[in-house]
Amino acid sequence: MYHGIINIYKEKGYTSHDVVAVLRRILNQKKIGHTGTLDPEATGVLPVCLGRGTKVAGMLTDKDKAYRTTFLLGEETDTQDHTGTVIKTMPWQVEEDQVVNIINGFVGPIEQVPPMYSAIKVDGRKLYDYAREGIEVKRKVRNVVIHTIEDVQIDLPRISMTVQCSKGTYIRTLCRDIAEALGTCGHMVALERLQSGMFKLQTAVTLDAVREAIEDNRISDFITAVDEFFCDLEALVIKDGFKKMMDNGNKLPSESFVRENEPVDGERFNVYNGLRDYMGVYEWNGHQKLLVPITFFNIPKERG
């Protein structure tokens, strides 16, 4: 079984669940999960967690994202993107300076009302199920953060931009809201995810590339080890005499490791056994003088 994270380039036509299903067949393993839905027509970075790496899926979903998007002024659709039905048309008359000023006004903390065509659940049902039945449901306002909007290219009625944002941001809603602020309506016509946390477009690989890597026995080249996700943490190697305690996921005393200074209360570490198997993220409890497992992985090191 493979353990870790693979940075997939999701191509058009695939749902995020499709990507997981295909990878299960290619890798011949069931324990696989994606880290944040991309719509079928969207492309770009989709980190997929493998094996015990699925424990970090929620942490990856919480990371900031970056997107390249294009939207069209003058037409609004029921899905807020080009896959939907046009429900409104409006004339547009804007100047480039006005567009830039309005877009800049969306940088920072903003509120969004999630679109009806989304996977958010209300009373146990996804919003898009209500939408397909023609039912409008009241949605809670979301607080999100737009960190930057850069590389704005204006070819009216089309506008393209690169957006860095917090988790939970709907880019198609952002496009719609910008169009509305410009005194017209609009919808998103293209979306590519450029980055999700530490995973970037430049290192993303297609499903076909994964197939070839399996055939050539070099799939490990594409898998990011789980401990790399926590690369900002100091590594601690636990003494062999505490192996049984560690294998059982128990708390570890201060004499189980060697460090020049006692850790600070709440300090976290990447913890390994003497064979350099990755055991997980542990936190130092200064009151009890114990290393406490926060996320336990127990992933064997690859050995030749």
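The values are calculated or read from the model by the stated rules, or taken from the named source; none is laboratory data. Everything numeric here is computed off the predicted structure, so don't read it as measured data. Methodologically, a virtual Cβ is constructed for each residue, glycine included, from the backbone with ideal geometry; neighbour enumeration extends over all protein chains shown. Side chains are part of the model used for accessible areas, which takes the heavy atoms of the whole protein and leaves out ligands, DNA and RNA. Shrake-Rupley method; radii C 1.70, N 1.55, O 1.52, S 1.80 Å.
Considering only protein heavy atoms, what is the solvent-accessible area of Tyr170 at a probe of 1.4 Å, reported in Å² to the nearest 10?
40 Å²
Counting only protein chains, not ligands or nucleic acids, how are Asp208, Asp240 ordered by accessible area (probe 1.4 Å), most first?
So, going from the largest accessible area down, we get Asp240, Asp208.
Would you mind checking which residues have amide H under 5 Å from Val113's amide H? H placed 1.01 Å from N; only 5 or more apart, or other chain.
So Val113 has HN proximity to Arg142.
Considering only protein heavy atoms and a 1.4 Å probe, what is the carbon-and-sulfur percentage of the accessible area of the chain?
Reported share for carbon and sulfur atoms: 47 percent.
Using the eigenvalues of the Cα gyration tensor, what equivalent ellipsoid semi-axes result for the range 122-173 when each is taken as the square root of five times the eigenvalue, whole Å, largest first?
Each semi-axis is √(5λ); the values are 29, 16, 7 Å.
Give me a comma-separated list of calculated 3J(HN,Hα) values for the range 268-279, in order, Karplus coefficients 6.51, -1.76, 1.60 applied at θ = phi - 60°, integers in Hz, x for any Gly or Pro.
With coefficients 6.51, -1.76 and 1.60, one gets 10, 9, 7, 10, 10, 8, x, 8, 6, 5, 7, 8 Hz.
Taking a quarter of the surface of the convex hull around the Cα atoms of the range 1-76, what do you get in nm²?
For the Cα atoms of the range 1-76, the hull's average projected area reads 5.8 nm².
Check Lys88: other-chain or 5+ apart residues with amide H under 5 Å from its amide H, H built from backbone geometry?
Glu76
Based only on the alpha carbon positions, what is the Kirkwood hydrodynamic radius of the range 1-144, in angstrom? The partial results should precede the final answer.
On the way: mean 1/r = 0.0557 Å⁻¹.
By the Kirkwood definition, the hydrodynamic radius is 18.0 Å.
With a Cα-only, solvent-free Debye model of the chain, what are the log10 I(q)/I(0) values at q = 0.15, 0.16 Å⁻¹?
Debye intensities relative to I(0), on a log10 scale: -1.14, -1.22.
Considering only protein heavy atoms, what per residue accessible area in square angstrom results for the chain with a 1.4 angstrom probe?
52 Å²
Protein chains only, probe 1.4 Å: how do Thr54, Thr85 rank by accessible area, largest first?
Working: Thr54 40, Thr85 85 Å².
Accessible-area ranking of Thr54, Thr85, largest first: Thr85, Thr54.
Over the range 1-141, what is the relative contact order in whole percent, taking alpha-carbon pairs under 8 Å and six or more residues apart?
17 percent
With a Cα-only, solvent-free Debye model of the range 36-102, what are the log10 I(q)/I(0) values at q = 0.18, 0.26 Å⁻¹?
-0.89, -1.17
Determine the calculated [θ] at 222 nm for the chain from helices alone, applying -39500 (n - 2.57) to every DSSP H run no shorter than 4 residues and normalising by the residue count; nearest 500 deg cm²/dmol.
Calculated mean residue ellipticity at 222 nm is -5500 deg cm²/dmol.
Please give, to one decimal in nm, the separation of the simple spin-label points placed at Lys167 and Asn104, each 7 Å out from Cα toward the Cβ.
Label-label distance for Lys167 and Asn104, simple model: 3.2 nm.
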